[in-house]
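The values are calculated or read from the model by the stated rules, or taken from the named source; none is laboratory data. Computed from a prediction, not measured in an experiment: that's the story for all the values here. Counting neighbours? That spans all protein chains shown, and the Cβs are built from the backbone with ideal geometry, glycine included. For accessibility, only protein heavy atoms count, side chains too; no ligands or nucleic acids. Shrake-Rupley method; radii C 1.70, N 1.55, O 1.52, S 1.80 Å.
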Amino acid sequence: MLLLFETFQSPNGYIMLSFLLSCFIILCCVHHHVTLKDEEAIPLISKYFNTKGRYEEVNPYLRQDILAVNRSFLQPPSSQCREIHLTAIIRHGTRYPTAKNIKEMQQLHNIVLNNSIGEHTWLREILTQWTMWYIEDMDGRLVQKGVEDLKHLAIRLTRLFPSMISEEKLRGGLIRFITSSKDRCVNSTLSFKAALTEMWAIRDVEFGYEVNDALMRFFEQCTRFVQEVDKNQSAVIDVQKFKQGPEMMRVQEKIAEHLGIPSSFITYDLAEAAFFLCTYEFAVKAINSPWCQLFDEDDAKIIEYASDLREFWKRGYGHDINSKSSCILFHDLFSRLAKAANENKLRQQVSEAVTVQIGHADTLLPLLTLLGFFKDTVSLTSTNYASQTQRSFRTSHMMPYAANFLLVLYDCGEGGIRLQPLLNEKPLIFPGLTDQQVSMPLYEDVRKHYRDLLNGCDFEAECQLFNIPAEF
Ligand SMILES: O=P(O)(O)O[C@H]1[C@H](OP(=O)(O)O)[C@@H](OP(=O)(O)O)[C@H](O)[C@@H](O)[C@H]1OP(=O)(O)O
């Protein structure tokens, strides 16, 4: 220490010390700038992006390491537990806006560019320099980020469940892929499979997939849902009322003020289009777009609620048929669990170890609702926004791009057969199941809990237009 002190006492020592000090300061600045830059890249309102949100905002630890996993979440009750079946129902990855939304974006941008409307504010000046690059042909197609979303998810799931999603099981034909026919889902399926074949350098075998819209797009085939909800404006009357209500009117006025445009020009749809431009510029291009400057946190929470209100009444607890339209997927899931449990009981190889099903937010939300997840004590309505700020039914937390609902069946030996649900790689507790202590209840207890659905929930009966109660 004395020698070191003496060294720095010398003229050369001072030069060395100042050099080391300046290196340290530069490194701190670079680190701070990089961190700041990273933070600056993330819109402050990104946690309110509903189904237009990135997966990384639901699991922020992935921003530092996209392949990070936390096996401690799995918590099997004992070391005897081994996985015997895994079903993963996954929403496609990041996509372009739909044609419907692109039209609204174009309409908004044309108003911003029209010098004969209102006057120019500094933000409007910036937005007139922004190039409208979305075209209707994009129409919801998967983007490169969406390919990466599914590849990274596939790799994380092999790390979380190495005995299930494995080269041996893939080569053994024990992993099955089912997808919606939509381009974004098919390409998400191909991305998930490509991650596995690339990781294991499998070039000699092609692994197929099944297109099954009856399962993955059941909402289109449930006649009663289509007639009574999807095509029935009165089924979402609360959404319409909220869109015309005081909270949204204020958001639209603030957007108009920011743009120097008369508020009469900024309808709900154009306000939503501005919000979507912010979400897509971030999700697709990782840009904190000037469009995001049109909203503060309060505005974003209001627009988030409007979207949740729509999903609640169209895909969630608002109408019973919303969840009953997913009966076909529910029975498909539980019949596969029953088959795996039986094969395991007979000491046979489980013929379908892993099932990967790729669909939409509209696939997952009704199923989660049918199972009772994320249910609030009070319905979301057009008049209780203020009291619903802590609601469970919040698609920004549930349903980002690449959202995934997993059901993992375990054989725990003397601990019995157990079933663990996970959403977005985090464990869920089956709602209303008595033994809340374990995150992994007995499979039989889960079946007892859902026995009414298992014995009923008949898709044909539920979805026929004149729904005659089953007992007749
Ligand atoms: O508001 P858009 O047109 O984006 O709505 C899409 C759905 O997107 P989401 O509301 O879930 O963000 C899209 O669901 P996705 O999971 O496939 O992205 C759905 O397939 C599409 O038909 C649009 O739903 P809509 O209810 O028909 O507007």
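Inspect all residues belonging to region 190-210 and state whether any of them is open to solvent by less than 70 Å² (accessible area, probe 1.4 Å), assigned to a helix (DSSP H, G or I) and among the aromatic types (F, W, Y). Yes: one or more hits. Scanning region 393-422 for residues that are open to solvent by 10 Å² or more (accessible area, probe 1.4 Å) and either within 30 Å of A340 (Cβ to Cβ) or not in a loop (DSSP other than H, G, I, E, B) (or both) returns S396, H397, D411, G413, E414, G415, G416, I417, R418. Can you confirm whether region 274-283 contains a residue that is away from the ligand (no atom under 16 Å from the Cβ) and of a type in the set (A, V, I, L, M)? Checked against the condition, which is being away from the ligand (no atom under 16 Å from the Cβ) and of a type in the set (A, V, I, L, M), region 274-283 yields no hits at all. When each of K301, K339, K254, K314 is tested for being at pLDDT 95 or above, assigned to a helix (DSSP H, G or I), surrounded by fewer than 22 Cβ atoms within 10 Å (Cβ to Cβ) and within 16 Å of the ligand (Cβ to nearest atom), the lone residue that passes is K314. Between E148, E104, E125, the distinction of being part of a helix (DSSP H, G or I), within 11 Å of the ligand (Cβ to nearest atom), of a type in the set (D, E) and at pLDDT 95 or above belongs to E104 only.
Yes/no matrix, rows are residues, columns are (1) more than 19 Å from the chain's Cα centre (by Cα); (2) open to solvent by 60 Å² or more (accessible area, probe 1.4 Å):
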{"site": "Q80", "(1), (2)": "yes, yes"}
{"site": "E83", "(1), (2)": "yes, no"}
{"site": "H92", "(1), (2)": "no, no"}
{"site": "H109", "(1), (2)": "yes, no"}
{"site": "T121", "(1), (2)": "yes, no"}
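Name the residue that is farthest from Q80 (Cα to Cα), counting only residues in region 163-189 that are in a helix (DSSP H, G or I) and open to solvent by less than 10 Å² (accessible area, probe 1.4 Å). Here the answer is C185. Going through region 344-388 one residue at a time, which ones are open to solvent by 40 Å² or more (accessible area, probe 1.4 Å) and among the hydroxyl-bearing types (S, T, Y)? Hits for region 344-388 are S351, T377, S379, T383, S387.
Mind checking which residues of region 342-386 are within 16 Å of the ligand (Cβ to nearest atom) and either in contact with a Pro (Cβ under 7 Å, 6 or more places away or on another chain) or not hydrophobic (A, V, I, L, M, F, W, C) (or both)? Correct list: Q357, G359, H360, D362, T363, P366, T369.
Yes/no matrix, rows are residues, columns are (1) more than 24 Å from the chain's Cα centre (by Cα); (2) touching a residue at least 40 places away in the same chain (Cβ under 8 Å):
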residue: S335; (1), (2): yes, no
residue: A361; (1), (2): no, yes
residue: L367; (1), (2): no, yes
residue: T377; (1), (2): no, no
residue: A386; (1), (2): yes, no
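Within region 174-183, the presence of a residue that is hydrophobic (A, V, I, L, M, F, W, C) and without any contact (Cβ under 8 Å) to a residue 60 or more places away in the chain is excluded. Can you tell me which residue is nearest to the chain's Cα centre (by Cα) among those in region 53-78 that are surrounded by 14 or more Cβ atoms within 10 Å (Cβ to Cβ) and part of a helix (DSSP H, G or I)? Restricting to residues being surrounded by 14 or more Cβ atoms within 10 Å (Cβ to Cβ) and part of a helix (DSSP H, G or I), the top hit is Y55. Of all residues in region 329-351, at least one satisfies being of a type in the set (S, T, Y) and either in contact with a Leu (Cβ under 7 Å, 6 or more places away or on another chain) or under 21 Å from E462 (Cβ atoms) (or both). Filtering region 423-463 to residues that are assigned to a loop (DSSP other than H, G, I, E, B), at pLDDT below 95, within 26 Å of A361 (Cβ to Cβ) and of a type outside the set (V, I, T) leaves L428, F430, P431, G432, L433, S439. For region 216-235, which positions are surrounded by 15 or more Cβ atoms within 10 Å (Cβ to Cβ) and farther than 27 Å from C185 by Cα? Matches in region 216-235: A235 only.
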